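Taking it in order: structure first as structure tokens, then the write-up.
The values are calculated or read from the model by the stated rules, or taken from the named source; none is laboratory data. Only a predicted model underlies this, so the values are computations on that prediction, with no experimental measurement involved. Neighbour counts are summed over all protein chains in view; Cβ atoms, including those assigned to glycine, are modelled from backbone coordinates with ideal geometry.
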Amino acid sequence: MRLSAKTAVVTGGGSGFGEGIVTRFAAEGARVVVADIDEAAARRVADAVTKAGGTAKAVRADVARADDTKRMIAAATEAWGRLDIVVNNAGISHRNGPMLGVDEAMFDRIFAVNVKSIYLAAQEAVPIFRKQGGGAILNTASTAGIRPRPGLVWYNASKGAAISLTKAMAIELAPDKIRVNCLCPVAGDTPLLATFMGEDTPEKRAQFRASIPMGRLSTPADIANAALYLCSDEAEFITGVAFEVDGGRCI
């Protein structure tokens, strides 16, 4: 198995892309901390992994809070004695609409969850990785950070920041054999889809699908397969990559 004996933390693991990543990692032998602000969702996913014969532990965590992040990382090392992978997947967005319609509180929350969370996770994980001789960090960015469009201005900006800091972290941490990459998914059928579209209607879905050359939205399995590769030893020479999982959307 491709992640045998590795320990991973996946944020936003209680639904959507995060759930897909947790399930795939566990199937490939990883021991996974399922971190989510929705504790019930995290427990549901962890229980499903356990029932399928895998190893997982649910932890409630608001990734924008330093104390929650510290507890989340500690849950992995206390349970299994090491940390190999951190997937910063949790994310939020404002509803699709005019940029001036987003209030300051929502702006701050978007950047706290989508950007500051990566900083907080690095504060906890990087010292552990350095002691162990390496590790992998994977951030979930977005095609919105590469090809921004009107209606999601501040969300676009937060994902652009995630891409930039991924590359900067990769350069600084390369001598420590800590790889840092990010995924750039196109919109998928996840809890955030209605927020991205503004309203969830057949017409809106058709409009989104029409913007993707391969003619469909992304799936959690698409994202999980890409995450598995980038976090596995098969990608040991890959760092600083913004990996587009988008059916051609960014071409």
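Counting only helices (runs of 4 or more DSSP H) wholly contained in segment 135-251, the ones carrying 2 or more residues that are in contact with a strand residue (DSSP E or B) (Cβ under 8 Å, 6 or more places away or on another chain) and at pLDDT 95 or above occupy 153-173, 220-231.
Scanning segment 229-242 for residues that are surrounded by fewer than 20 Cβ atoms within 10 Å (Cβ to Cβ), among the hydrophobic types (A, V, I, L, M, F, W, C) and either touching a residue at least 24 places away in the same chain (Cβ under 8 Å) or within 19 Å of T23 (Cα to Cα) (or both) gives A235, I238, V241.
Of all residues in segment 25-73, those satisfying the criterion of being touching a residue at least 40 places away in the same chain (Cβ under 8 Å), of a type in the set (A, V, I, L, M) and within 17 Å of G135 (Cα to Cα) are A30, V33, M72, I73. Taking the criterion of being surrounded by fewer than 20 Cβ atoms within 10 Å (Cβ to Cβ) and not polar (S, T, N, Q), the residues of segment 77-91 that qualify are E78, A79, W80, G81, R82. Selection of strands (runs of 3 or more DSSP E) fully inside segment 2-100 by the criterion of at least 1 residues being under 17 Å from the mean Cα position of the chain (by Cα) and within 16 Å of L228 (Cα to Cα) returns 7-11, 31-36, 85-88.
Set side by side, the residues L165, L152, L173, L183 differ, and just one is at negative phi, touching a His at 6+ places or on another chain (Cβ under 8 Å) and touching a residue at least 40 places away in the same chain (Cβ under 8 Å), which is L152.
Within segment 120-134, the set of residues being in contact (Cβ under 8 Å) with a residue 24 or more places away in the chain and either assigned to a helix (DSSP H, G or I) or farther than 25 Å from K177 by Cβ (or both) comprises L120, A121, A122, Q123, E124, A125, V126, I128, F129, R130, Q132. When A48, A66, A74, A35 are screened for being crowded, with 24+ Cβ neighbours inside 10 Å and in contact with an Asp or Glu (Cβ under 9 Å, 6 or more places away or on another chain), only A35 passes.
So that you can scan it fast, the table gives a plain yes or no per residue for (1) over 24 Å from P148 (Cα atoms); (2) in contact with a helix residue (DSSP H, G or I) (Cβ under 6 Å, 6 or more places away or on another chain):
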{"site": "G20", "(1), (2)": "yes, yes"}
{"site": "A42", "(1), (2)": "yes, no"}
{"site": "T69", "(1), (2)": "yes, yes"}
{"site": "M72", "(1), (2)": "yes, no"}
{"site": "G91", "(1), (2)": "no, yes"}
{"site": "H94", "(1), (2)": "no, yes"}
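Out of curiosity, is F111 aromatic (F, W, Y) and either assigned to a strand (DSSP E or B) or surrounded by fewer than 21 Cβ atoms within 10 Å (Cβ to Cβ) (or both)? Yes: the conditions hold for F111.
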